[in-house]
Amino acid sequence: MRHPVRLSPLVLALALAVGAGHALADSPPSESKVLGSITAQAGQTYDSLDSVNGGISVQRGATVRSAETVNGGISIDEGATVGSAETVNGGISIAGKVKLGSAETVNGGISLDDDGEVSGDLETVNGAIRIGARSVVAGKLETVNGGIRLDGGTVRGVLRTVNGDIILARGAQAGGIEIEEPNRGWWNWGSEKLPRIVIGPEAKVNGPMVFKREVKLYVHATATIGEVRGATAVRYEGEDAPE
C-alpha cells in the first residue's frame, strides 16, 4: 500500500505562496491616485479606479468593476462595461452601447447616449439626467436640483426630482413619476419656478404620477398614462407642448 506524501511546513508554505502569487498575477489591475487623471485603456480589464483630484476615462471596450473620484468627471466610451461610477464634483458622461451597473454624483449631470444598458440607478443632487434613444435603465432616475429627459429611452423605475422639469420625448417610457415637495433645509435653486412635466407623443408612463407640489403637466393626445395624483393634466397635440 502506498503511503501518503507528507510535506514539511516550509515546503507547504512555499507552495501556498507561489499559488497566491499566480492568483494575484491573474487578477485585474487596480489604479489609485491623489492627483491626476486615470485612464482605463481600450479593451483592457480593471478592478477599481480611484482618484481624489482628477477625472477618470474608460476607453472603448474596457471593463472596469468600479470607478470613483472626488473632484473630477467620469467619461465612459462606447462599448465599455462598468460596474459602478461615482463622483462628488463632476459630471458622468456615458457613450452609446455601454453596459453599466449604476452611476452617482452630487454636483454634476449624468448623460447616457443611445443603446445603453443600466442594471441599477442613476442619481445626482445638483444636475440633470438625460437618457438616449433605445437605452434601458432597470432602476430609477433621481435628482433634486435638475431636470430629467428621456429621448426615446426606457426607465423601468421611477423618475424623481424636486426642482426640475421632466420631459418624455416621443416613444419614451417610465415606470412612474414623482415630484417631491421642496425642503427649505436643502440647498437648491429655482424653487419658485414650477416644474414642467411633458409626456410626449406615443410616450408611456406605466405607474402613477405623484405630485407633492404644484406643477405644469402636459400629456400628448397619443401618450398613455396611469393614475395622476396632485395635478391636472393638460392635453395637447402636435410635436411640442405649451411652455
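Greater than 21 Å separation of Cα atoms is the criterion. Which listed pairs, K140/K204; K140/K193; K99/K140; K193/K216, meet it?
Values: K140/K204 16 Å; K140/K193 24 Å; K99/K140 16 Å; K193/K216 10 Å.
Table pairs above 21 Å Cα-Cα are K140/K193.
Please report the net charge: other residues with Cβ closer than 13 Å to the Cβ of Q173, K and R +1, D and E -1. Don't jump to the answer; show the numbers that get you there.
Details: positive: R134, R156, R170, K204; negative: D151, E202.
Around Q173, the surrounding residues sum to +2.
Starting from the amide H of A40, placed 1.01 Å from N in the peptide plane, find each other amide H under 5 Å away whose residue is 5 or more places distant or on another chain.
Those lying under 5 Å, H to H, from A40 are S57, V58, Q59.
Just to verify a number: FRET efficiency for A138 and N183, C-beta to C-beta distance, R0 = 25 Å, to 0.05?
Calculated value: 0.35.
Give the angle, between 0 and 90 degrees and rounded to the nearest 10, that separates the Cα long axis of helix 9-26 from the longest principal axis of the Cα atoms of the chain.
40
Going by amide H atoms built from the backbone, whose H comes under 5 Å of the H on G157, apart from near neighbours?
Under 5 Å from the amide H of G157: G139, G175.
Check the straight Cα-Cα distances from K97 and name the aspartates and glutamates below 12 Å, setting aside those fewer than 8 residues away within the same chain.
Once the sequence-local aspartates and glutamates are set aside, what remains near K97 is D77, E78, D113, D114, D115, E117.
Using a probe radius of 1.4 Å on heavy atoms only, what accessible surface per residue do you get for region 133-229? Whole Å² is fine.
44
Of the accessible area of the chain, with the probe set at 1.4 angstrom, what percent is carbon plus sulfur?
52
Just add up the charged neighbours of S48: K/R +1, D/E -1, any other residue whose Cβ is under 14 Å from the Cβ of S48.
-3
Among G73, G120, G96, which residue has its Cα positioned farthest towards the positive end of the charge dipole of region 51-132, with +1 placed on the Cβ of Lys and Arg, -1 on the Cβ of Asp and Glu, and the dipole taken about the Cα centre?
G73
Taking a ≥ b ≥ c as the square roots of the eigenvalues of the Cα gyration tensor of the chain, is the shape rounded (a/c under 1.5), prolate (a/b larger than b/c) or oblate? All intermediate terms of the calculation are to be shown ahead of the outcome.
On the way: a/c = 2.81, a/b = 2.36, b/c = 1.19.
Prolate.
Work out the length of the dipole vector of the chain about its Cα centre, built from +1 on the beta-carbon of each Lys and Arg and -1 on the beta-carbon of each Asp and Glu, and round it to the nearest 20 debye.
Computed charge dipole of the chain: roughly 540 debye.
If you take every residue apart from V70 with its C-beta less than 13 Å away from the C-beta of V70, what net charge results, scoring Lys and Arg +1 and Asp and Glu -1?
-3
For region 19-106, with every protein chain kept in place, what is the accessible area per residue (1.4 Å probe, Å²)?
That works out to 46 Å² per residue.
The values are calculated or read from the model by the stated rules, or taken from the named source; none is laboratory data. Keep in mind that this is a model prediction, so the values were computed, not measured. Please note: Cβ atoms are built from the backbone with ideal geometry, for glycine as well, and neighbour counts cover all protein chains shown. Please note that ligands, DNA and RNA were not included when accessible areas were found on the heavy atoms of the full protein model with its side chains. Shrake-Rupley method; radii C 1.70, N 1.55, O 1.52, S 1.80 Å.
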